[in-house]
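Peer 1: Got a structure for you, written out below as structure tokens; questions coming shortly.
The numbers here are math on the coordinates, done by the rules we state, and not lab data. Since the structure is predicted, the reported quantities are computational estimates derived from the model, not experimental observations. Here the Cβ positions follow ideal geometry from the backbone for every residue, glycine too, while neighbour counts run over all protein chains shown.
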Amino acid sequence: MSETGLCDLAVVGLGVMGGNLARNFASRGLRVAGYQRTVEHAHALAAAHPEAHLRIAEDVAELVKMLERPRRIVLMVNAGPAVDAVLDQLDPLLEDGDIVVDGGNSLYADTDRRVARAEGRPWRFVGMGVSGGSEGALLGPSIMPGGDRYAWERLRPPLEAIAARSASGVCVTYCGRGSAGHFVKMVHNGIEYGDMQLIAEVTALMRAGLGWPWGQVADTFAGWNRGELESYLIEITADILRVPDPQTAGALLIDAVLDRAGQKGTGKWTVVAAAEHGVAIPTIAAAVDARLLSSAKDLRTRAEAALQPVRGAIQGVSADDLRDALYASKIASYTQGFALLQAASEARDYGTNLGEIARIWTGGCIIRAVFLERIRAAFTQTDKPELLMLAPDFVADVARRLPGWRRVVAAAAAAGLPIPGLSASLAWFDTLTQSRGSASLIQAQRDYFGSHTYERVDAPGVFVHSEWPKSPQ
Ligand code: NDP
């Protein structure tokens with residue numbers, strides 16, 4: 001507590017994330033006030049964790065009075081109308097220089113709207129992504145604030161105190177103007193969808209394609225986690241695949257988990273935002289589509305019975321090929337994600353520093369990985385790559401992994417095993433690296449049926465129309 005007896009900051013919404021964030025702030029010596037619409041939950045949290053000395057307010061008005069000025073109030077409520085509802089309550093109570101932070105997974109367009117709303121008011125608004133799940137919130141998340149720069153400077157000490165630490169520093173940085181923080185968090189989640197899909201596909205190839213027992217799959221992932229693929233998601237995959245099913249003796253829990261993936265929307269938002277910003281992100285799009293198809297379990301069951309596809313073992317693929325296919329697809333996926341961040345930064349005037357984003361993702365968040373250190377290095381060199389995959393380090397790496405990547409995709413297709421993420425990544429690579437592609441015909445067709453015009457190869461930039469004589473019927 002400060003000398004005035006007032007608190008240093010407040011957390012509104014003490015659910016899974018807010019409760020742990022409040023405790024994390026408190027563990028760093030900050031005096032934390034808390035408020036939750038269901039006040040008894042807030043009191044229960046404070047009682048369960050007396051060491052945090054949380055001061056619980058009965059309502060928003062009391063909460064505001066508990067705070068040192070200018071106030072710092074972090075909202076951890078559900079994205080959507082809940083954020084506006086709390087802002088409506090706070091708005092008449094806040095004074096010059098007070099700061100409200102929305103730390104939930106808000107859609108960046110909503111954040112744009114709230115930034116605009118705050119511009120006419122005395123208080124400042126910060127849209128901030130937080131990643132790391134409940135454990136990260138408690139022990140050190142990766143934090144992605146954006147928006148008002150004055151507010152960032154005032155938030156910086158407490159956020160740096162609670163954020164994760166990695167070899168490359170403390171995992172919080174100013175992501176840029178306006179809604180940059182939530183845009184960055186959205187892309188983080190899109191990349192997370194891609195990583196999870198790629199890992200799931202590789203495990204399926206090991207099982208259904210190579211016939212490995214789960215123990216061998218788990219051991220392979222554990223081994224990969226000691227090398228270049230070291231990451232949170234690879235680590236937890238190895239852990240998950242060893243857990244016995246408490247309800248069936250001798251069985252593993254993974255076999256009891258229904259193959260219907262849930263999603264809360266950030267992956268879909270990433271795909272929509274990419275299309276709106278003119279950036280192709282097929283790995284992430286494939287991951288979102290795969291979750292959609294996974295949820296159509298009954299339809300898949302009927303389609304399998306009706307179409308009876310022949311499935312077989314995969315041939316001529318080694319564990320090293322699978323590792324290379326996974327790693328190269330990750331390079332493709334992160335290249336797409338960072339290209340989206342770059343495009344959005346330019347189009348929306350965020351001023352996002354891509355090297356800094358890679359750096360704050362090296363710790364605390366779900367996609368944390370040693371791989372991100374390579375990305376940070378690529379984006380902090382003087383000669384920044386136009387695309388991540390075009391950084392010299394990655395050019396050589398992809399060339400080395402390409403034969404294994406192709407073997408995996410070809411073998412899986414021949415065996416009838418679905419690998420939408422791995423194959424979309426390779427198709428993206430092959431399209432990206434083909435200076436003359438198949439779109440000539442698309443342009444000709446558009447001109448044929450709609451007089452949409454086209455450019456000639458000998459006069460790019462000049463749009464012409466041709467008469468395309470119809471063939472005799
Ligand atoms: P919880 O469901 O655990 O908590 C939600 C909180 O929001 C509760 O305190 C709830 O209060 C409050 N709330 C909901 N509706 C309203 C409303 N209309 N007015 C006031 N308060 C309201 O969710 P999480 O803690 O998991 O998530 C919070 C935010 O953090 C979300 O935006 C989520 O996407 C994001 N997030 C979650 C992560 C996770 O791993 N769980 C990771 C990263 C971000 P009450 O109990 O009274 O309903």
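Peer 1: Name the lysines eligible as straight-distance cross-link partners of K268: C-alpha to C-alpha under 20 Å, and not fewer than 8 places from it in the same chain.
Peer 2: Cα-Cα hits under 20 Å: K185, K297, K330.
Peer 1: Hey, another quick one. Looking only at Cα atoms, what is the convex hull volume of the range 339-404 per residue, in Å³?
Peer 2: Looking at the range 339-404, the number lands at 104 Å³ per residue.
Peer 1: Putting +1 on Lys and Arg Cβ atoms and -1 on Asp and Glu Cβ atoms, find which of S329, A306, A273 reaches farthest to the positive end of the dipole of the range 273-360.
Peer 2: A306
Peer 1: May I pose another question? Suppose every Lys and Arg Cβ carries +1 and every Asp and Glu Cβ carries -1, with no other charges. What dipole size does the range 116-160 come out with about its Cα centre, to the nearest 20 debye?
Peer 2: My answer is approximately 240 debye.
Peer 1: While we're looking at this one, here's another question. Roughly how many whole Å is it from the C-alpha centroid of the range 89-108 to that of the range 361-393?
Peer 2: Cα centroid to Cα centroid, the span is 32 Å.
Peer 1: Another one. 7 Å from Cα along Cα→Cβ at both E135 and R400: what's the point-to-point distance in nm?
Peer 2: Here the answer is 3.1 nm between the modelled labels.
Peer 1: Put one equal scatterer on each alpha carbon of the range 1-143, apply the Debye formula with no solvent term, and list log10 I(q)/I(0) at q = 0.19, 0.20 1/Å to two decimals.
Peer 2: -1.13, -1.25
Peer 1: When all C-alpha to C-alpha distances in the range 298-427 are sorted into bins of 5 Å, what percent of pairs does each bin hold, rounded to whole numbers?
Peer 2: All Cα pairs considered, the percentages come to 2, 10, 16, 17, 15, 13, 10, 7, 6, 3, 1, 0.
Peer 1: What 222 nm value per residue comes from the helices of the chain, counting each DSSP H run with n ≥ 4 as -39,500 (n - 2.57) and dividing by all residues, nearest 500 deg cm²/dmol?
Peer 2: -16500 deg cm²/dmol
Peer 1: May I ask which residue of F25, V398, L90 lies farthest towards the positive end of the charge dipole of the chain, with charges of +1 (Lys, Arg) and -1 (Asp, Glu) on Cβ and the Cα centre as origin?
Peer 2: V398
Peer 1: What order do you get for 275-283, 332-340, 352-360 when each peptide is scored by the mean count of other beta carbon atoms within 10 Å, highest first?
Peer 2: Highest-to-lowest ranking by the protection proxy: 332-340, 352-360, 275-283.
Peer 1: I've got another one for you. Send over the per residue convex hull volume for the chain, Cα only, as a whole number of Å³.
Peer 2: In the chain, the Cα hull volume divided by residue count equals 205 Å³.
Peer 1: Which of H53, V202, S231 sits farthest toward the positive end of the charge dipole of the chain, with +1 on the Cβ of Lys and Arg and -1 on the Cβ of Asp and Glu?
Peer 2: In the chain, that residue is V202.
Peer 1: Treating cross-link reach as a plain straight distance, find the lysines whose alpha-carbon is under 23 Å from the alpha-carbon of K65, omitting any fewer than eight places away in the same chain.
Peer 2: Hits, sequence-local ones excluded: zero.
Peer 1: Residue-wise, which Karplus ³J(HN,Hα) couplings in Hz belong to the range 170-175, taking 6.51 cos²θ - 1.76 cosθ + 1.60, θ = phi - 60°, and x for glycine or proline?
Peer 2: Per residue, the Karplus-derived 3J(HN,Hα) values read 8, 8, 8, 8, 6, 8 Hz.
Peer 1: Can you bin the range 121-240 into rounded, prolate or oblate? Criterion: square roots of the alpha carbon gyration tensor eigenvalues sorted a ≥ b ≥ c, rounded for a/c under 1.5, prolate for a/b above b/c, oblate for the rest.
Peer 2: Taking the square roots of the gyration eigenvalues as a ≥ b ≥ c, the range 121-240 is prolate.
Peer 1: To the nearest µm²/s, what D does Stokes-Einstein give for the range 244-369 at 37 °C and 0.692 mPa s, using the Kirkwood radius over alpha carbon pairs as Rh?
Peer 2: For the chosen part, D equals 181 µm²/s.
Peer 1: Give me the extension gain from I442 to R456: residue separation times 0.36 nm, minus the current Cα-Cα distance, reported in nm with one decimal.
Peer 2: Result for the pair: 3.7 nm of gain on full extension.
Peer 1: Highest mean first, how do 301-311, 392-402, 215-225 rank when packing is the count of other Cβ atoms within 10 Å averaged over residues?
Peer 2: Put in order of decreasing packing, that is 215-225, 392-402, 301-311.
Peer 1: Working only with C-alpha atoms, what are the Rg and Dmax values of the range 351-473, expressed in angstrom?
Peer 2: Every Cα atom of the range 351-473 included, Rg and Dmax give 21.0, 66 Å.
Peer 1: Testing the spin-label approximation: label points 7 Å from Cα along Cα→Cβ at E373 and L258. State their distance in nm.
Peer 2: Roughly 4.2 nm, to one decimal.
Peer 1: Additional query: Dipole of the range 162-245, Cα-centred, from +1 at each Lys and Arg C-beta and -1 at each Asp and Glu C-beta, to the nearest 20 debye?
Peer 2: Dipole size: approximately 320 debye.
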